[in-house]
Amino acid sequence: MLEIRPLHSLFAAEVSGLDLSGALDEGVVEQVRDAFQQYSVLVFRDQDISDDQQIAFSRLFGDLEQTRAGAADAGGSLIRLSNMGPDGAIVAPSDKQVLNNKANQQWHADSSFKPVPAKASLLSARIIPSVGGNTEYISMRAVYEALDAEMKARVDGLVTIHDFDYGRRKIDPDLVSAEERAAVPPVRQAMVLDHGAQGKSLYLGAHCARVEGWDDAASRGLIDELMAFATEARFIYAHAWKPHDMVLWDNRAVLHRATPFASQTEQRLMVRTTIAGDAATVEPPD
Ligand code: OGA
Ligand code: MN
């Protein structure tokens with residue numbers, strides 16, 4: 001029996017009573033899709049699944065994104081977030097994998113740097129450290145809802161520029177190669193997304209470099225002010241991973257970030273699938 005238990009007063013729920021390794025009947029899938037729309041973050045515990053089973057479950061929500069050029073699994077539909085080499089040994093702090101994990105400690109929405117950004121991400125915990133290495137989520141719908149009328153009027157209709165290199169550069173100026181940069185040029189995104197019956201959300205995060213048509217100071221001023229508000233504790237659900245947890249989240253409705261752990265002494269392996277979006281967030285410019 002499928003059960004849904006809220007994990008936070010504003011969003012996020014645990015879904016229990018399901019075995020995601022096998023086929024689900026269509027009625028159950030519909031209930032999970034509805035819960036996803038409502039809660040933005042769904043937690044499934046005790047799901048000891050293979051890569052192929054994770055892909056099959058993810059496909060119930062749409063087509064999967066291909067991993068970006070330059071990434072370790074480029075061209076496939078799985079992203080392995082790990083601090084280990086192929087032999088299981090922990091890699092150096094300067095390793096690209098570790099730097100990418102560090103970049104994930106900035107609040108972000110997956111693939112917001114793509115012209116059609118990701119709808120959802122599904123992350124499964126394969127190996128987790130004993131302390132830290134959590135993933136935190138902000139309900140950007142609750143954040144938008146909590147803005148005062150004046151701020152809502154200011155942000156509605158704004159267009160932002162999202163740039164993969166922008167956030168990565170803060171971690172290490174050489175983290176994104178010229179080739180990778182060329183594959184993901186800056187894109188335009190709406191600052192406010194409209195989810196119809198579910199309300200609106202603010203669409204920001206580490207890839208959000210500036211407001212289109214604004215100078216740097218004004219851009220940074222507004223984005224920083226909004227992020228300072230969004231990161232108030234009341235909007236955050238912190239997920240403490242247990243082995244075999246899976247978390248599905250709506251990248252258009254939440255921001256997320258990884259929290260630090262002892263990455264030189266403890267192993268962490270997470271596997272992600274990403275469900276592609278179906279529409280751009282803005283009309284192309286005239
Ligand atoms: C991701 C991500 C955070 C984490 O998989 O997209 O940002 O805690 N992960 O590993
Ligand atoms: Mn991410």
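The values are calculated or read from the model by the stated rules, or taken from the named source; none is laboratory data. Since the model is a prediction, treat every value here as computed from it, not as a measurement. Glycine gets a Cβ as well: all are built from the backbone with ideal geometry, and neighbour counts include every protein chain shown. Surface areas here come from the heavy atoms of the whole protein model, side chains and all, with no ligands, DNA or RNA. Shrake-Rupley method; radii C 1.70, N 1.55, O 1.52, S 1.80 Å.
Odds and ends about this structure:
- Taking first residues from the stretch 251-270 that are near ligand 1 (Cβ under 10 Å from one of its atoms) and modelled with pLDDT of 95 or more and partners that are of a type in the set (K, R) and in a loop (DSSP other than H, G, I, E, B), the Cβ contacts under 8 Å between residues at least 6 apart in sequence or on separate chains come to N251/K119; F261/R268.
- Residue match in the stretch 261-283 (condition: among the hydroxyl-bearing types (S, T, Y) and more than 22 Å from S124 (Cβ to Cβ)): yes
- So R252, is it open to solvent by 40 Å² or more (accessible area, probe 1.4 Å), within 15 Å of ligand 2 (Cβ to nearest atom), under 21 Å from Y166 (Cα atoms) and in a loop (DSSP other than H, G, I, E, B): yes
- Counted residues, the stretch 92-107 - those being farther than 18 Å from R181 by Cα and either surrounded by 16 or more Cβ atoms within 10 Å (Cβ to Cβ) or within 11 Å of ligand 1 (Cβ to nearest atom) (or both): 6
- Of the listed requirements (1) surrounded by fewer than 17 Cβ atoms within 10 Å (Cβ to Cβ); (2) touching a residue at least 40 places away in the same chain (Cβ under 8 Å), S82 misses just one: (1).
- Verdict on N100 being within 12 Å of ligand 2 (Cβ to nearest atom), of a type outside the set (S, T, Y) and at pLDDT below 95: yes
- Selection status of N134, within 11 Å of ligand 2 (Cβ to nearest atom) and over 27 Å from L222 (Cβ atoms): no
- Any chance A280 is of a type in the set (A, V, I, L, M, F, W, C), surrounded by fewer than 21 Cβ atoms within 10 Å (Cβ to Cβ) and closer than 18 Å to L42 by Cβ: no
- Among residues of the stretch 262-277, those that are in contact with a helix residue (DSSP H, G or I) (Cβ under 9 Å, 6 or more places away or on another chain), part of a loop (DSSP other than H, G, I, E, B) and buried (at least 18 other Cβ atoms within 10 Å of the Cβ), counted: 2
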